Amino acid sequence: MDYLTPEQWQAVFLSLRVSLWAVAVSLPLGILCAYALARWRFPGRQLLNGLVHLPLILPPVVTGYLLLIGFGRQGLFGAPLAEWFGISFAFRWTGAALAAGIMAFPLMVRTIRLAIEAVDPKLEQAAATLGARGIPVFATITLPLILPGILAGSIIAFAKAMGEFGATITFVSNIPGQTQTLPTAIYSELQIPGGEAQAARLVAVSLVIALGALLASEWAGRAVARRISGA
């Protein structure tokens with residue numbers, strides 16, 4: 001454990017915690033959005049598609065600023081959430097999880113949507129002719145087939161959340177022990193004269209985690225292909 005200082009390990013573990021919560025909380029909504037975009041035709045579908053992918057094209061600082069406006073202590077949603085439910089995001093690790101989840105959401109939805117679109121709709125239609133509809137068809141036919149895609153989307157979103165920087169530092173700042181994640185810890189070390197060595201160690205930890213996530217994503221992607229092809 002001497003490879004990093006206790007404070008730096010704290011940043012690593014906080015990043016893992018933030019990323020896991022970001023994926024766990026956003027996954028149900030991600031599956032719903034992916035299914036709606038892949039299977040349903042409704043007014044506003046393109047608008048929903050644009051909103052889902054908006055964090056990909058917006059500067060992360062802009063996303064962080066919008067989160068501060070919306071979910072800050074005096075924000076449109078942040079004030080009632082804090083007053084009625086005691087949920088606070090600004091300058092807390094929960095805010096870092098919110099920022100990471102939003103920044104990773106487009107990649108998660110895109111991956112799961114591709115998995116859904118690869119499922120032959122005739123399988124779902126066949127189940128419908130036998131009397132099954134809606135959620136039972138999704139649970140018994142669609143979900144098992146897209147499960148590897150859900151896994152791949154979750155892993156990609158986890159990797160993205162681990163590397164999130166701009167929106168996080170804008171929304172919850174860079175407070176050691178509270179909101180300092182792995183990327184912001186690297187940034188802090190680079191601001192200190194002679195901190196390059198410590199920054200390099202943190203970068204190595206980040207590379208190991210990211211590479212592990214990418215390898216897992218690759219494995220899951222191959223599992224999707226084998227599942228759909230029936231090999």
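The values are calculated or read from the model by the stated rules, or taken from the named source; none is laboratory data. Keep in mind the model is a prediction, meaning the values are calculated, not measured. Here the Cβ positions follow ideal geometry from the backbone for every residue, glycine too, while neighbour counts run over all protein chains shown. Protein only, heavy atoms only, side chains kept; ligands, DNA and RNA dropped before computing areas. Shrake-Rupley method; radii C 1.70, N 1.55, O 1.52, S 1.80 Å.
Reported count of residues in region 115-137, each being within 16 Å of Leu32 (Cα to Cα), in a helix (DSSP H, G or I) and open to solvent by 50 Å² or more (accessible area, probe 1.4 Å), is 3. Of the residues making up region 65-74, not a single one is touching a residue at least 24 places away in the same chain (Cβ under 8 Å), on the phi < 0 side of the Ramachandran plot and basic (Lys, Arg). Among residues of region 111-139 that are more than 17 Å from Leu27 (Cβ to Cβ), those with a Cβ under 8 angstrom from a residue that is charged (D, E, K, R) and surrounded by fewer than 17 Cβ atoms within 10 Å (Cβ to Cβ), sequence gap 6+ or separate chain, pair up as Pro121/Arg39.
Quick one: how many residues across region 70-86 are in a loop (DSSP other than H, G, I, E, B) and open to solvent by less than 40 Å² (accessible area, probe 1.4 Å)? Of the residues in region 70-86, 2 are in a loop (DSSP other than H, G, I, E, B) and open to solvent by less than 40 Å² (accessible area, probe 1.4 Å). Scanning region 18-33 for residues that are surrounded by fewer than 21 Cβ atoms within 10 Å (Cβ to Cβ) and either under 19 Å from Ala152 (Cβ atoms) or modelled with pLDDT under 95 (or both) yields Leu20, Ala24, Val25, Leu27, Pro28, Leu29, Leu32. Would you confirm, using the coordinates I've provided, whether Pro6 is closer than 18 Å to Ile155 by Cα and free of Cβ contacts under 8 Å to residues at least 60 places away in the same chain? Spelling it out, it is not the case that Pro6 is closer than 18 Å to Ile155 by Cα and free of Cβ contacts under 8 Å to residues at least 60 places away in the same chain.
Out of Ile150, Ile192, one residue alone is in contact with a helix residue (DSSP H, G or I) (Cβ under 9 Å, 6 or more places away or on another chain), open to solvent by 40 Å² or more (accessible area, probe 1.4 Å) and either closer than 17 Å to Ile31 by Cβ or not in a helix (DSSP H, G or I) (or both). It is Ile192. Selection of first residues in region 45-58 that are within 21 Å of Ala167 (Cβ to Cβ) and of second residues that are aromatic (Phe, Trp, Tyr) and open to solvent by less than 40 Å² (accessible area, probe 1.4 Å), restricted to Cβ pairs under 7 Å at least 6 apart or on distinct chains, gives the following pairs, ordered by first then second residue: Val52/Phe105; Pro55/Phe105.
Within region 155-182, residues that are farther than 18 Å from Val23 by Cβ and open to solvent by 30 Å² or more (accessible area, probe 1.4 Å) reach partners that are assigned to a helix (DSSP H, G or I) and among the charged types (D, E, K, R) with beta carbons closer than 6 Å, at six or more positions or on different chains, in the pairs Pro176/Glu7. The single condition from (1) without any contact (Cβ under 8 Å) to a residue 60 or more places away in the chain; (2) open to solvent by less than 60 Å² (accessible area, probe 1.4 Å); (3) farther than 30 Å from Val208 by Cα that Leu37 fails is (1). A Cβ distance below 6 Å, combined with a sequence gap of six or more or placement on separate chains, defines the contacts here; from region 86-104, residues that are closer than 12 Å to Gly64 by Cα reach residues that are open to solvent by 40 Å² or more (accessible area, probe 1.4 Å) and charged (D, E, K, R) in the pairs Ala90/Arg73. When Phe89 is tested against the conditions (1) of a type in the set (Phe, Trp, Tyr); (2) surrounded by fewer than 18 Cβ atoms within 10 Å (Cβ to Cβ); (3) not in a helix (DSSP H, G or I), the lone failure is (2).
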